[in-house]
1. For the subset of the range 46-80 comprising residues that are surrounded by fewer than 22 Cβ atoms within 10 Å (Cβ to Cβ) and polar (S, T, N, Q), which member is farthest from Asp299 (Cα to Cα)?
2. Within the set of pairs 6+ apart or on separate chains, which have a first residue in the range 99-121 that is more than 16 Å from Asn310 (Cβ to Cβ), a second that is polar (S, T, N, Q) and surrounded by fewer than 20 Cβ atoms within 10 Å (Cβ to Cβ), and C-beta atoms under 8 Å apart?
3. Across the range 269-303, what is the total count of residues that are over 16 Å from the mean Cα position of the chain (by Cα) and part of a loop (DSSP other than H, G, I, E, B)?
4. Where in the range 45-148 are the strands (runs of 3 or more DSSP E), entirely inside, with at least 2 residues that are at pLDDT 95 or above and more than 30 Å from Glu182 (Cβ to Cβ)?
5. Working only within the range 265-295, note down all residues that are farther than 12 Å from Cys250 by Cα, buried (at least 18 other Cβ atoms within 10 Å of the Cβ) and among the hydroxyl-bearing types (Ser, Thr, Tyr).
6. When the range 44-73 is examined, which residues are found to be over 30 Å from Asn214 (Cβ atoms) and either charged (D, E, K, R) or in contact with an Asp or Glu (Cβ under 8 Å, 6 or more places away or on another chain) (or both)?
7. Do you know which of the residues in the range 208-229 that are over 16 Å from the mean Cα position of the chain (by Cα) and not charged (D, E, K, R) is nearest to Asp139 (Cα to Cα)?
8. Going by the structure shown, is Gly261 out of contact with any strand residue (DSSP E or B) (no Cβ under 8 Å at 6 or more places or on another chain), modelled with pLDDT of 95 or more, surrounded by fewer than 16 Cβ atoms within 10 Å (Cβ to Cβ) and not charged (D, E, K, R)?
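The values are calculated or read from the model by the stated rules, or taken from the named source; none is laboratory data. A quick note: this is a predicted structure, and the numbers were derived from the prediction, not measured. Here Cβ is always computed from backbone atoms with ideal geometry, including for glycine, and neighbour counts include all displayed protein chains.
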Amino acid sequence: MSSTVVIQESKPGYVSFKQVDGKSKLDDLWFMVGSRCNLSCKHCYVGSNPKNDSLQQITLAEVEPFLDEAKAFGVERIYFTGGEPFINTEMLDIIDSSLKRANVTVLTNATYPLRRLLKELPSYKERHGHSLSFRVSLDHYDGAKHDVIRGEGMFVLTVANVLSLAEMGFKPIITSTAVVYEDNSLGPDAIEQKFKDVFLEHGVAVEVKLLPYNLEMGTNLERIEMPSKHVLITESCMVKPGITAEMFQCHNGRTLEKIDGKMVVYPCPIIYNNANFEMGSTLSESFRDVLLTHKACFDFCYKSGGKCTN
């Protein structure tokens, strides 16, 4: 099998979709379950909170057609993010259905919405093994600094729930945004070890994923004092040596969002509720070139080398 990766000089600023043996190959399928969250974090790029329904809650009936379509395109990994996915009352049924098609990762704050479902999760481990994983967001290895962003008591609660997941046999991935670098003299390796030490104290080993950039969107745009200049990936960028389509999530993945009662395909989970980036109502019609004119295309993918996947 051969894979073709092209950023055409004749179409500067565009990323082509992955092709294997002349057919579109979908690696990663993302669902933004909704923008509602039990927390109101000061750095959330979606601006999620308990009342934010700009991205509506998806249902199992709405998800399943896309799961079937994704399987036909060889999907390997399915991700659920939000908002907080476990606010969705159908989330466990959605996960169960998704696990019949591919590996599943749920991005969660691992606070109260997850806590009330912990007793349900051992059966998923028994039936699906390591096909189900959790990415748990922590903003700092220092509990007090974490709670400044997320609210008092959230650090202790999250750590406790991660330990419960580990006890069930899951191997949570701890994810932290670049906010942890603020007023911090430590480098990435040392910071990663600090996060690991939080759980090693309890005899639990975790993976750590540090995101390289704080997206200047949502409530984080209000938090930061000096947003960077809006820079687009243009012809001069795209012809530089080493710039390939594989650098961008939109090359091999797509994202589903529910807006105004309709499921809409987007290039990636960083871009949301923006009609300029809607790519249709089915996966098949979305497998076309993406013009990288969103600020996050430059800041997160191009400049910072960020990856949404595990």
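1. Looking at residues that are surrounded by fewer than 22 Cβ atoms within 10 Å (Cβ to Cβ) and polar (S, T, N, Q), I get Thr59.
2. Asn109/Asn38; Thr111/Asn38; Tyr112/Asn38; Pro113/Asn38; Leu118/Ser164
3. Looking only at that region, the number is 12.
4. It comes to 77-81, 103-108.
5. Selection gives Tyr272 alone.
6. Of everything in the range 44-73, those that are over 30 Å from Asn214 (Cβ atoms) and either charged (D, E, K, R) or in contact with an Asp or Glu (Cβ under 8 Å, 6 or more places away or on another chain) (or both) turn out to be Thr59, Leu60, Glu62, Glu64, Asp68, Glu69, Lys71.
7. Asn220
8. yes
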